[in-house]
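Worksheet: the structure to be examined is printed underneath.
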Amino acid sequence: MNGRIRFAVIERNALKDWTLPKGHQRGKETLQQTARREVFEETGFHCAILDYLDSFTYQNKNDERKIVLIKTVHWFLMKYLNGYKRKQNKEIKRVKWLTMADALKIISYHNDQRMLKKAASLIDK
């Protein structure tokens, strides 16, 4: 991968973690529409989808820790089109553009790291 490729990562306030932008589907949105909207809401960047990467499903307990929620995340490789880094808000502490090596060092979750590696393999082709 050339040195010009960067990945947008976010630091979340509540969870105090570093992750890739993601979120929940609304109404009749397609997965692609959801992905573009969530990336914009969390980073401030408008992006074009280049490819579908993969999905993974995980379990999480709700706020009362009584109900197990099963969530599936769908990942897309995207290309930055325009926009400006979102300023800090109640959900997002900061947004960073990082090289693959730097992103892998700070990303908090194995599945996010796996998606970064998969995206890099598609970019290298």
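The values are calculated or read from the model by the stated rules, or taken from the named source; none is laboratory data. Quick caveat, the model's predicted, so the values are computed rather than measured. All Cβ positions, even for glycine, are placed from backbone atoms using ideal geometry, and neighbour counts span all protein chains on display.
Pick from Ala8, Ala48, Ala14, Ala35: which is over 16 Å from Met115 (Cα atoms) and in contact (Cβ under 8 Å) with a residue 40 or more places away in the chain?
After ruling out the rest, the residue left standing is Ala14.
Please specify each residue of region 96-115 satisfying the condition of being closer than 14 Å to Asp17 by Cα, assigned to a loop (DSSP other than H, G, I, E, B) and β-branched (Val, Ile, Thr).
Ile107
Within region 1-60, which residues are closer than 20 Å to Ile123 by Cβ and either among the basic types (Lys, Arg) or part of a loop (DSSP other than H, G, I, E, B) (or both)?
Met1, Asn2, Gly3, Arg4, Ile5, Arg6, Leu20, Pro21, Lys22, Arg36
Being out of contact with any helix residue (DSSP H, G or I) (no Cβ under 7 Å at 6 or more places or on another chain), of a type outside the set (S, T, N, Q) and modelled with pLDDT under 90 is the filter here, so list the residues in region 73-89 that pass it.
Correct list: Lys87 only.
Given the criteria touching a residue at least 40 places away in the same chain (Cβ under 8 Å) and under 15 Å from Arg6 (Cβ atoms), does Leu122 qualify?
Here the answer is no, as Leu122 does not meet what is asked.
Which condition from (1) surrounded by 11 or more Cβ atoms within 10 Å (Cβ to Cβ); (2) within 20 Å of Ser108 (Cα to Cα) is the one that His24 breaks?
Looking at each condition in turn, His24 falls short on (1).
Pull up region 78-125, narrow it to residues that are more than 20 Å from Tyr52 (Cβ to Cβ) and aromatic (Phe, Trp, Tyr), then point me to the one that is surrounded by the most Cβ atoms within 10 Å (Cβ to Cβ).
Ranking the candidates gives Trp97 first.
Kindly provide the set of residues from region 69-95 that are in a strand (DSSP E or B), among the basic types (Lys, Arg), touching a residue at least 24 places away in the same chain (Cβ under 8 Å) and more than 15 Å from His46 (Cα to Cα), ordered by number.
Lys93, Arg94, listed by residue number.
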